[in-house]
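Below is one structure, written out as structure tokens; the observations come after it.
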Amino acid sequence: DVKVTQSSRYLVKRTGEKVFLECVQDMDHENMFWYRQDPGLGLRLIYFSYDVKMKEKGDIPEGYSVSREKKERFSLILESASTNQTSMYLCASSLTGAIHEQYFGPGTRLTVT
Amino acid sequence: RKEVEQDPGPFNVPEGATVAFNCTYSNSASQSFFWYRQDCRKEPKLLMSVYSSGNEDGRFTAQLNRASQYISLLIRDSKLSDSATYLCVVSSLGGGGNKLTFGTGTQLKVEL
């Protein structure tokens with residue numbers, strides 16, 4: 001069974017703090033993704049990575065950065081958290097190729113106060 | 001125009017009913033198509049891929065019309081456990097890998 005784990009289910013941070021969200025997958029997938037999900041807006045892609053040390057901007061990268069030092073781990077970084085970054089953050093991984101499904105982690109509910 | 005558009009619902013149907021969801025996409029270069037299911041407070045999970053020839057998995061049938069850029073999902077004999085949000089998903093190549101674009105989802109509530 002593919003397993004994607006995220007470091008926290010719930011997180012509360014203050015405005016201006018640096019926030020790290022960690023994601024680990026155990027299936028040797030090349031591709032990893034970070035999304036945020038908000039009511040009425042659905043899942044929106046923040047960043048993705050198709051190889052170690054490689055990254056691509058998604059649809060809403062502003063205010064975020066990522067790190068992929070190892071194949072199994074993909075980190076999302078909020079350099080200076082803001083209240084409009086309060087959201088559900090979902091990590092996913094997949095094999096390379098358009099036909100392959102993405103497997104999601106359980107999500108991190110981040111609240112920025 | 002959104003890249004992937006769905007009716008948000010909710011669709012409230014009685015157990016045993018047949019229900020159909022539709023979805024349109026704007027990128028004609030899209031390569032692959034999927035329906036994902038998301039239960040309340042859970043992560044999305046793949047329900048089924050959608051092929052040009054149409055495909056069926058038990059009570060679920062998915063169809064793709066590339067000319068009209070339209071995808072559908074039909075659920076027959078609805079069960080209470082089918083209550084969830086159904087996400088229409090379209091794949092395209094981005095950078096070195098595949099990128100999924102999600103619709104905002106259609107909510108289904110199956111009632112006794």
Largest to smallest accessible area among B:86, A:103, A:10 [probe 1.4 Å]: A:10, A:103, B:86
At a threshold of 8 angstrom on Cα-Cα distance, excluding pairs fewer than six apart, so keeping six or more, what relative contact order does the range B:8-72 reach in percent? 29
Long-range lysine pairs (8 or more apart or interchain), chain A, Cα under 15 Å: 5
DSSP beta bridges in chain A [antiparallel fraction, %, rounded to 5]: 90
Apply the Karplus curve 6.51 cos²θ - 1.76 cosθ + 1.60, θ = phi - 60°, to the phi angles in the range B:98-111 and return the couplings in whole Hz, x for Gly and Pro. 7, 10, 9, 10, 9, x, 7, x, 10, 8, 10, 10, 9, 10
With springs only between Cα atoms under 10 Å apart, run a GNM on chain B and tell me which of B:66, B:76, B:41 wobbles the most. B:41
Which trypsin sites (Lys or Arg not before Pro) in the range A:1-83 pass both tests, a DSSP loop state and at most 13 other beta-carbon atoms within 10 Å? A:3, A:9, A:14, A:18, A:53
Do any GluC sites (Glu not before Pro) in the range A:1-51 lie in a loop, going by DSSP, with at most 15 other beta-carbon atoms within 10 Å of their beta carbon, and if so which? A:17
Relative contact order (%) - chain A, alpha-carbon pairs under 8 angstrom, separation at least six: 36
Mean separation of Cα pairs under 8 Å and 6+ residues apart, divided by the residue count of chain B: what relative contact order is that in percent? 37
Label-to-label distance, nm, for residues given as residue B:67 and residue A:111 (7 Å Cα→Cβ offset): 5.3
Could you tell me the convex hull volume per residue, in Å³, taken over the Cα atoms of chain B? 103
Give me the summed buried accessible area for the A-B pair, 1.4 Å probe, to the nearest 100 Å². 1800
Using the heavy atoms of the protein chains and a 1.4 angstrom probe, tell me the accessible area per residue for chain B in square angstrom. 48
Counting only protein heavy atoms and a 1.4 Å probe, tell me what percentage of the protein assembly as shown's accessible area is made up of carbon and sulfur. 48
Under the rule rounded for a/c under 1.5, else prolate if a/b exceeds b/c, else oblate, using alpha carbon gyration tensor axes a ≥ b ≥ c, the protein assembly as shown is classed as prolate
Which are the unpartnered cysteines of the protein assembly as shown, meaning those with no other cysteine Cβ under 4.7 Å from their Cβ? B:40
Across 5 Å bins from 0, what is the distribution of all Cα-Cα pair distances for the range A:12-82, in whole percents? 4, 17, 25, 24, 18, 9, 3, 0
Using unit Cβ charges (K, R positive; D, E negative) and no other charged atoms, how large, in debye to the nearest 20, is the dipole of the range B:38-112 about its Cα centre? 160
Rounded to 5, percent antiparallel among DSSP beta bridges of chain B: 90
Specify the inter-centroid distance of the range B:1-64 and the range A:1-45, based on alpha-carbon positions, in whole Å. 24
In chain B, taking the dipole from +1 charges on Lys and Arg beta carbons and -1 charges on Asp and Glu beta carbons about the Cα centre, the listed residue (B:84, B:34, B:62) farthest towards the positive end is B:34
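The values are calculated or read from the model by the stated rules, or taken from the named source; none is laboratory data. Please read all numbers here as calculations on a predicted model, not as lab measurements. A quick note on method: Cβ atoms are made from the backbone with ideal geometry, for glycine too, and the neighbour counts reach across all protein chains shown. These area figures cover heavy atoms from the full protein model, side chains too; ligands, DNA and RNA do not enter into them. Shrake-Rupley method; radii C 1.70, N 1.55, O 1.52, S 1.80 Å.
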